[in-house]
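**Q** I'd like to ask you about the structure that follows.
Taken together, the values in this text are just the output of simple stated rules run on the coordinates, not laboratory data. Here the structure is a predicted model, which means the values were calculated and not measured. Quick reminder, even Gly has a Cβ in these numbers, built from the backbone with ideal geometry, and neighbours come from all protein chains shown.
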Amino acid sequence: MVLKGKNFLFVSGLLTDGMMRLNVINVYAPQNNGEKKALWDKITLIIQRGQGWWIVLGDFNAVRDPSERKKSFFDPVSARDFNDFVDNTGLREYDLKGLSFTYFANRCGVCKLSRIDRVFVCDSIFNKWPSACVRALKREHSDHAPLCLTLIDTNFGPKPFRWFDSWLDRPGCEDVVKNALLEWQTNGSADLKFTKKMGMLRAKLKMWIQDTRFKENEDFNRLKKEQEDMELLMEQKDLDEVDLWVWAECKKSLEEIELFRSREMIQKSRVKWAALGDENTSLFHSIVNGRKARNSIPGLDINGEWVSKPL
């Protein structure tokens, strides 16, 4: 389905799986505030009456905040209407990578910059691809920088493995990290060396924590048996000073192991709750995905060349 307006082009169709409808609205907003508000109202009505996923992009001729203009006039009325439109439609926006401003113009020797070109998506797309990237490409044939929306996760390979705070208090953890980083030597590009170094450190830590937990389990079972034997002996006779010291040390060591385990369980429960939550935490998940989108590293700028995946 295609719907043409004076300042927008609406295209709607099913994805290749035939299950989900994708709606794309390309916008070229007018300069006049009244005409812009009428356009926002029309697009809002289209979105509210439609179904499926939504992508709204183009030249909106409006900014949302004074920081999005440089050496050009900021219109608070236009910004208010634009922000109301975004809020009313429930659209979300990925952080812009590459450039801070998408429009550049030289007017009478004054360079004016603004961020009037944008890509908005609905909550469903934002939550499905929180690590997606919107990147402003180089300006070549226009005053506007082309925008590229990439939904593929190019955040340089697998996510870091799960690290527990309690590891730092376990003996040997710091030595494993130091030795692994000091021993590592390799050649290649900076991003590839960094990726391989982190992969090697991950492998070393996985081996260390497996050995540490295996030894902890053995110690826990042995100490538990000794404590139980001592407590049975207490019921039969009074223990001497040496036996009481052994019992106290067993109890202390067991408490330390239990503390490590409980700290890991607490951290695991928080991670699981953050990932799953419950049916009433849509706002929370939206905030988490927003942070994930802001903190992702979709690529590196190496000597002026954008690299979106390891070489």
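**Q** Give a quick list of GluC sites (Glu not before Pro) in segment 85-185 that DSSP marks as loop, anything other than H, G, I, E or B, with at most 12 other Cβ atoms within 10 Å.
**A** Counting only loop positions with at most 12 other Cβ atoms within 10 Å, the GluC sites (Glu not before Pro) in segment 85-185 are 140.
**Q** So what is the relative contact order for the chain, in percent, with contacts set as C-alpha pairs under 8 Å and at least six apart?
**A** About 14 percent, as a whole number.
**Q** Along the charge dipole of the chain, Cβ charges K/R +1 and D/E -1, which of 83, 61, 209 sits furthest on the positive end?
**A** Final value for the positive-end residue is 61.
**Q** Give me the Å³ per residue figure for the convex hull around the C-alpha atoms of segment 165-276.
**A** 128 Å³
**Q** Along each principal axis of its Cα atoms, how long is the chain end to end? Whole angstroms, biggest number first, please.
**A** 95, 49, 41
**Q** On a full-extension model of 0.36 nm per residue, what is the gain between residue 303 and residue 177, subtracting their alpha-carbon distance, rounded to one decimal in nm?
**A** Details: separation 126, 0.36 × 126 = 45.36 nm, distance 3.00 nm.
Computed gain between residue 303 and residue 177 is 42.4 nm.
**Q** Round to the nearest 10 and give me the degree value, 0 to 90, for the angle of helix 76-89's Cα axis relative to the longest principal axis of the chain.
**A** 60 degrees
**Q** Could you list the chymotrypsin sites (Phe, Trp or Tyr not before Pro) in segment 193-262 that lie in coil according to DSSP, counting only those with at most 10 other Cβ atoms within 10 Å of their Cβ? Walk me through the numbers on the way to the answer.
**A** Working: sites: 194, 208, 214, 220, 245, 247, 260; in loops: none.
Counting only loop positions with at most 10 other Cβ atoms within 10 Å, none of the chymotrypsin sites (Phe, Trp or Tyr not before Pro) in segment 193-262 qualifies.
**Q** Going by alpha carbons, how many degrees (0 to 90, nearest 10) lie between the helix axis of 190-236 and the longest principal axis of the chain?
**A** 40 degrees
**Q** Taking Cα atoms of segment 1-119, Rg/Rh with Kirkwood Rh, to two decimals?
**A** Looking at segment 1-119, the ratio lands at 1.00.
**Q** What's the magnitude of the charge dipole for the chain around its Cα centre, counting Lys and Arg as +1 and Asp and Glu as -1 at the beta-carbon? Answer in Debye, nearest 20.
**A** Roughly 2340 debye for the chain.
**Q** To the nearest 500 deg cm²/dmol, what mean residue ellipticity at 222 nm is calculated for the chain from DSSP H runs of n ≥ 4 alone, each contributing -39,500 (n - 2.57), summed and divided by the residues?
**A** -16000 deg cm²/dmol
**Q** Order of 94, 28 from fewest to most other C-beta atoms within 10 Å?
**A** Final ranking by Cβ density, sparse to dense: 28, 94.
**Q** Here's something else I'd like to know. Which entries of 97/128; 97/292; 112/138; 97/178; 215/251 show an alpha-carbon separation above 24 angstrom in the structure shown? Display every interim value, and only then the final one.
**A** Working: 97/128 19 Å; 97/292 14 Å; 112/138 17 Å; 97/178 34 Å; 215/251 17 Å.
Flagged as over cut-off: 97/178.
**Q** Quick one: angle between helix 282-295 and the longest Cα principal axis of the chain, in degrees between 0 and 90, rounded to 10, please.
**A** 90 degrees
**Q** Another question, then. Counting other Cβ atoms within 10 Å of each Cβ, which chymotrypsin sites (Phe, Trp or Tyr not before Pro) in segment 49-91 have at most 15 and sit in a DSSP loop?
**A** Here the chymotrypsin sites (Phe, Trp or Tyr not before Pro) that fit, given the DSSP loop and packing criteria, are 73, 74.
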